[in-house]
1. Name the residues whose placed amide hydrogens come within less than 5 Å of the amide hydrogen of H160, ignoring near sequence neighbours (fewer than 5 apart) on the same chain.
2. Using only the Cα atoms of region 336-427, build the gyration tensor, take square roots of its eigenvalues as a ≥ b ≥ c, and label the shape rounded, prolate or oblate: rounded if a/c is under 1.5, else prolate if a/b is larger than b/c, else oblate.
3. For all pairs of alpha-carbon atoms in region 144-239, what percent lies in each bin of width 10 Å, listed from the first bin to the last filled one?
4. Rg/Rh for region 278-410 to two decimals, with Rh computed the Kirkwood way over all alpha-carbon pairs.
5. Between R248 and H303, 0.36 nm times their residue separation minus their Cα-Cα distance comes to what?
6. Quick check for you: which residues of region 174-196 have the amide N under 19 Å from the point 7 Å beyond the Cα of I394 toward its beta carbon?
7. If ligands, DNA and RNA are left out, what is the accessible area of S242 with a 1.4 Å probe, given in Å² to the nearest 10?
8. In whole angstrom, how long is each semi-axis of the equivalent ellipsoid of region 173-223, when you take the square root of 5 times every eigenvalue of its Cα gyration tensor and sort them from largest down?
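The values are calculated or read from the model by the stated rules, or taken from the named source; none is laboratory data. Quantities reported herein were computed from a predicted structural model and do not represent experimental measurements. Every residue, glycine as well, gets a Cβ built from its backbone with ideal geometry; the counts of neighbours run over all protein chains shown. Note: accessible area is taken over every heavy atom of the protein model, side chains too, but ligands, DNA and RNA are not part of it. Shrake-Rupley method; radii C 1.70, N 1.55, O 1.52, S 1.80 Å.
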Amino acid sequence: MNIRTATKNSRTRAGIWVAKRMRGSPGSRQPRLTRTMRPSSSDESEAGSGAGPTFASARTSLMRPPLAPDRIRRVQSPASAAPSPAIPIHHVLTVDVRVLVQIRGGGMSSTDERALVPWWAYPSMSLFTMVLTVTEPVPLRLFLTALAMNHVRTLLSSYHTGDGAFQDYTYGGAISGLALAMLVFAWLLDPLRTSRYRGEAVPPGQYPLFKRMYYVGCMLMSPRATGWNRQIPCIPPSTAHSRGQFLRQGILTLITSFVGLDLAQSYLQLQPLASLMGTDAFPTGWRGHAMRVLCLLAWYGSHYFSLLLAYTVLSIFCVATGIGNGNYDDWRPIFGKHSDAYTLRRFWGRTWHQNLRIYFSTCGRAVTNALGLKKGSLGTSCARLLVAFTLTAIIHDAGETVAGPPHTGAPLKFFLAHGVGVVLEDVAIHLARRAGVKAATVWTRWLGYLWVATWWYFVGQILVNWLVLRGMNKDRTLPFSLVQSYAPPVVIQMMQASL
């Protein structure tokens, strides 16, 4: 008897023993049972080729009552008149026992063993930032920084939102951004000595302990430092001249952003081709390019309106209640003018939000100063730019890690590609100016719009294809959809149609 025969006999005896125990007649002797299962439409090809039952079909066999001995028979396959090969029941029971053990023990690969994000996740990051910033002894600050970074590692590795991959991705990026702010405040910026709010004569560092912590919290609530002496450049001006006017404009923006986000997410959910981006099944030719443009616009619109909606809700709450920063003039528009985006640098520096710019620029200055680069030179500008995009790539890559496997590095590639693109753009503009080309003319602006749109069409697919791969086009930021619930049928049909 060889090893293969001995193994087969042992599995046969084990299967018969399990069958007796499950039938409730351990003392009775029963013949070896064989039973075939009719393959379903999805499993028919595998069953006909001898691949055996799937986990789903095997698991359902345990849910059925045991067949009487006179009803155990072979079932003819609908594909052919010849009898299909019988599947020994001990094979089925072996698979069933394994599935039950995995379910009861939490060993299924689809089960996320991480806990849900606790309510104190974000406040704890702000508390660490405030404590580190007001702590002056360097050894104690180093020790607290080590504790804080271990806390960040725990938040990123042990928790998830439970609301899908997109929310996990957003949560990971937010925690990483707060970690960067914490390190910049504690070691590079020194805001308690260098910051003043609206012409204050006394620096916050001279205030008592809790008032200093309060000032650090206020700085965290205003990442663009609006109203402070270190306010970042190119912030859009306020369009409201009173508190009431600000609230009216905020409500209008709230409605607009809600409808825009609902339309964008509804298109991504209803359009069949939106789930095929990055695959070979996506159309080619002019039809493929046109549908890809529509899908990309929907993705960009969903990110744009989701950020605008969240910022608007927070600003209305703070100005209406006075909690936090209730000064309406400090709540400037989160995005700049779309007409400013005729270069990649102007898109990222003026049109897109600037909520992390002060942290990126502070780190960039620290790196260029350490390298001894000349201030104002092209090399210094490019170096600071690469530092900024490297940091934002790391932040978004942490979000991908929280979203779970597979880890492809798509956000990292996307933002690093933008850093390289802006550097190449700066070099091209520098050479054009030396050649006598005037900047910011009507024709150069339209050429710049075409360049930015082309760049986003090709490079944007790096990130969007990964989002589709993770199924994030089916995740919703809004709890309900007015478009899908109340829109006329013609609107739904237009979203589902393709060119």
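1. Residues meeting the amide H criterion: A115, L116, V117.
2. oblate
3. That works out to 13, 36, 30, 18, 3, in percent per bin.
4. Values: Rg = 19.2 Å, Rh = 18.3 Å.
Looking at region 278-410, the ratio lands at 1.05.
5. My answer for the length gained is 17.4 nm.
6. In region 174-196, the label zone of I394 (backbone N under 19 Å from the point 7 Å along Cα→Cβ) covers 174-190.
7. For S242, solvent-accessible area is about 50 Å².
8. 21, 11, 10
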